[in-house]
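The values are calculated or read from the model by the stated rules, or taken from the named source; none is laboratory data. In this text the structure is predicted, and so the values were computed from the model without any measurement. Please note: Cβ atoms are built from the backbone with ideal geometry, for glycine as well, and neighbour counts cover all protein chains shown. To get the accessible areas, we keep the full protein, side chains included, count just its heavy atoms, and leave off ligands, DNA and RNA. Shrake-Rupley method; radii C 1.70, N 1.55, O 1.52, S 1.80 Å.
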2 protein chains.
Amino acid sequence: MPQSEKRPYDPDAPVDPRVETLVNELIGRVADKWTLLVLEELEEHGTCRFTRLAQLVPGISQKMLTQTLRAMERDGLVHRTVHPVIPPKVEYRLTELGQSLGEAFCGVWHWAEAHLREVEAARTAFDTRG
Amino acid sequence: MPQSEKRPYDPDAPVDPRVETLVNELIGRVADKWTLLVLEELEEHGTCRFTRLAQLVPGISQKMLTQTLRAMERDGLVHRTVHPVIPPKVEYRLTELGQSLGEAFCGVWHWAEAHLREVEAARTAFDTRG
DNA sequence: TGCTTATACTCTCCAAAAGAAAGTAGGCAC
DNA sequence: GTGCCTACTTTCTTTTGGAGAGTATAAGCA
């Protein structure tokens, strides 16, 4: 795995602007509401079929689930297994890359759980002021 | 700060479904492209004015910058200081809550940097196959 | 006097994206 | 034949996002 080469992340290292651009793009791509929620469910439940994911992710439409899964598959985050049977059976599971992204997002889920009340309080205060 | 009470995060604990819903909503809120990029710049550069942020965040429109900052302010992530002068001067800086979210997202930025190449390779492979 | 500049928005219009709901394929049970 | 099953796909409507012009205000300048 030569993708890190000799940079084990130094936060003060000067970053190649091209890399920064690409990272920003990638952040924009994975920092998507549906991507995150699908990632969460696949991480929690393991291999899932389409319909099960649609039930697990609250409020997602079939169209967006299809689009999100395709994009995640293209980015190498999920693996799609088609069983050629009738009725169709398609299974989705996280790749190693997807799992590593899930772990990277762990901190955000913890944050959301830990600071939910603070955010709610801030919203109430803001709406009262405004 | 009684928001964690007696639960220092146990990943296997049964989660109150209402909490899960709220966490999902909150994730959907902060897992937004512009929120993340603004957070990143404010974390890196500290206090910033509107126009500077517009320059720092690549490709954001004024409308989206205003909306994003308002939403972040409402959620208690940024503090907005208005200096009543002409021409106007408004400064934005992360609150402690915003900083903690920035730290939580650190793992994602590291992930993006570390796995950029893998994602690019996966995309190329996907596009070639398909 | 009137023109320019500066800043942080705000508004309007149009294109793009998302959501809702119906349609499709194709074998199987009835 | 009718309907069911699943994983989409298509169509239509609503919402959102982006581009660009407009607004308010006072100081600086000719």
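Within the stretch B:53-75, the residues that satisfy the criterion of being under 22 Å from A:Ile27 (Cα atoms) and more than 10 Å from DNA strand D (Cβ to nearest atom) are B:Leu53, B:Ala54, B:Gln55, B:Leu56, B:Val57, B:Pro58, B:Leu69, B:Arg70, B:Met72, B:Glu73, B:Asp75.
Pairs linking a residue in the stretch A:57-78 that is free of Cβ contacts under 8 Å to residues at least 24 places away in the same chain to a residue that is open to solvent by 50 Å² or more (accessible area, probe 1.4 Å) and within 8 Å of DNA strand D (Cβ to nearest atom), with Cβ atoms under 7 Å and 6 or more positions apart or on different chains, are A:Glu73/A:Arg80.
Yes/no per residue for (1) among the hydroxyl-bearing types (Ser, Thr, Tyr); (2) on the phi > 0 side of the Ramachandran plot:
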position	(1), (2)
A:Gly59	no, yes
A:Thr68	yes, no
A:Ala71	no, no
A:Arg74	no, no
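From the list A:Arg49, A:Arg93, A:Arg80, the one residue that fits, being more than 10 Å from every other protein chain (Cβ to nearest Cβ) and touching a Cys at 6+ places or on another chain (Cβ under 8 Å), is A:Arg93.
Number of residues in the stretch B:65-77 that are under 14 Å from the mean Cα position of the chain (by Cα) and more than 11 Å from chain A (Cβ to nearest Cβ) equals 4.
What are the pairs with Cβ atoms under 7 angstrom where one residue, in the stretch A:86-105, is under 27 Å from B:Ala112 (Cβ atoms) and free of Cβ contacts under 8 Å to residues at least 40 places away in the same chain and the other, located anywhere, is open to solvent by less than 20 Å² (accessible area, probe 1.4 Å) and not aliphatic (A, V, I, L, M)? Sequence gap at least six, or different chains. Matching pairs, first to second residue: A:Thr95/A:Gly76; A:Leu97/A:Gly76; A:Ser100/B:Trp111; A:Ala104/B:Trp111. In the stretch A:38-130, counting only helices (runs of 4 or more DSSP H) that sit wholly within it, the ones holding 2 or more residues that are within 13 Å of DNA strand C (Cβ to nearest atom) and either open to solvent by 70 Å² or more (accessible area, probe 1.4 Å) or in contact with a Phe, Trp or Tyr (Cβ under 6 Å, 6 or more places away or on another chain) (or both) span A:62-74.
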